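J.: Starting off with a structure, shown below.
The values are calculated or read from the model by the stated rules, or taken from the named source; none is laboratory data. Since the model is a prediction, treat every value here as computed from it, not as a measurement. A quick note on method: Cβ atoms are made from the backbone with ideal geometry, for glycine too, and the neighbour counts reach across all protein chains shown.
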Amino acid sequence: MIDPILWNDWHPIARSSDLKPGTILRSRLLDTDIVLWQGENTNVIAWEDRCPHRSVKLSGGKIFENTLVCPYHGLAYNPEGQCVKVPAHPNYTPPKQACVKSFAVEERYGVVFVSLGSPSQPIPPFPEWDDPSYRTYLSGGHYCRCSGLRAIENFLDVAHLPFVHAGILGEPDKAVIEDYEVTSIDTGIYMKDIKIWQPDPDGTGRGGVAAYDYWTIRPLTVALRKQRASGQKMVLLYCVTPVSEEECIGWMWGTLNYAHDIPEEVMVAFQDKVILQDVDNLESHHPKRLPLDLQAEFHLPSDRASLGYRKWLKQLGVTYGAIP
């Protein structure tokens, strides 16, 4: 069953740097196989990875003269998806149904975003990415065998930081989470001024108390702002691609208005390390899908964000990757 909320949203599926003229990539989104390709004179194109003739994967083909050529019978499809050449029948005019299903595609923040449906909203905004006072980096994609909704909830869960990320984002002997408030906003929920002591909150190696603000933007897109007493700010945007109901890929964009002297590869390695520390726990979830029935699991006071997120998803009618 199609989930209209996620079907009509934008999802990151590949790095722009991996797609150059003459390249073909395969991906999977919402249980749909996708082929990405770019000809010499085209923008990035996203299609269903299926030849409409005999249903083989077009991603196994090749690019020739700005067409994607099927590996099975050599049928060539132009950038609009229409079959324009049938080698077995040179004088044959393919019918209109000899056309590949195409999807909306845009490039932003160094990533290719795809929507399988008709997006009613633009790609989530991230103003810090284009602000010259911030340095930027991208971490991901990171594959994980769990529902994308579980991964987003984990991002909003502050109480796991002292344990899963001990020595970086917390310490077990400083695990107390003070009470905090979750408020409703147009794009879901907002949590403000959650203070946590962290040995290395941003990859610079300088410990201290960090104050967090979290907010949701879409069901599978969230952000946080981490601020220190000095006024230094770190803003993260986190998007999770729903490969299937129990598989996902995480993408993290990081921006800081300081630490301009630290090489980008160092910042990426730090973020990769933090994200990968979550994988074992995320993959051990049983069930792997997120239960929206609040009685299915018990909750702690520090789970206010999780509760707010689950209530919001249920209100929206999100079903993919969830248990009603």
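J.: May I ask you to list the residues in region 263-305 that are surrounded by 18 or more Cβ atoms within 10 Å (Cβ to Cβ) and small (Gly, Ala, Ser)?
T.: 302, 305
J.: Follow-up. Look at residue 133 and say whether it is outside any loop (DSSP other than H, G, I, E, B) and among the hydroxyl-bearing types (Ser, Thr, Tyr).
T.: So residue 133 does not fit the description; no.
J.: What residue, among those in region 1-29 that are crowded, with 20+ Cβ neighbours inside 10 Å and either touching a His at 6+ places or on another chain (Cβ under 8 Å) or polar (S, T, N, Q) (or both), is farthest from residue 321 (Cα to Cα)?
T.: Ranking the candidates gives 27 first.
J.: What is the one condition in (1) of a type outside the set (Ser, Thr, Tyr); (2) in a loop (DSSP other than H, G, I, E, B); (3) loosely packed, with under 12 Cβ neighbours inside 10 Å; (4) at pLDDT 95 or above that residue 260 does not satisfy?
T.: Residue 260 satisfies every listed condition except (4).
J.: Now a separate question. Would you confirm whether or not region 209-218 contains a residue that is among the polar types (S, T, N, Q) and within 23 Å of residue 108 (Cα to Cα)?
T.: Yes.
J.: Quick one: residue 247 ticks every box in (1) closer than 22 Å to residue 317 by Cα; (2) surrounded by 20 or more Cβ atoms within 10 Å (Cβ to Cβ); (3) among the acidic types (Asp, Glu) except a single one, so which number is it?
T.: So residue 247 meets the others, but not (2).
J.: Could you list all residues from region 49-67 that are buried (at least 19 other Cβ atoms within 10 Å of the Cβ), within 27 Å of the chain's Cα centre (by Cα) and not in a loop (DSSP other than H, G, I, E, B)?
T.: 58, 59
J.: A follow-up question, please. One residue is enough: does region 194-204 have a residue meeting the conditions over 21 Å from residue 163 (Cα atoms) and either surrounded by 17 or more Cβ atoms within 10 Å (Cβ to Cβ) or of a type in the set (Lys, Arg) (or both)?
T.: Checking region 194-204: not a single residue is over 21 Å from residue 163 (Cα atoms) and either surrounded by 17 or more Cβ atoms within 10 Å (Cβ to Cβ) or of a type in the set (Lys, Arg) (or both).
J.: Take the conditions surrounded by 17 or more Cβ atoms within 10 Å (Cβ to Cβ), within 20 Å of residue 131 (Cα to Cα), in contact with a Gly (Cβ under 9 Å, 6 or more places away or on another chain) and of a type outside the set (S, T, N, Q) and apply them to residue 237. Does it pass?
T.: Here the answer is yes, as residue 237 does meet what is asked.
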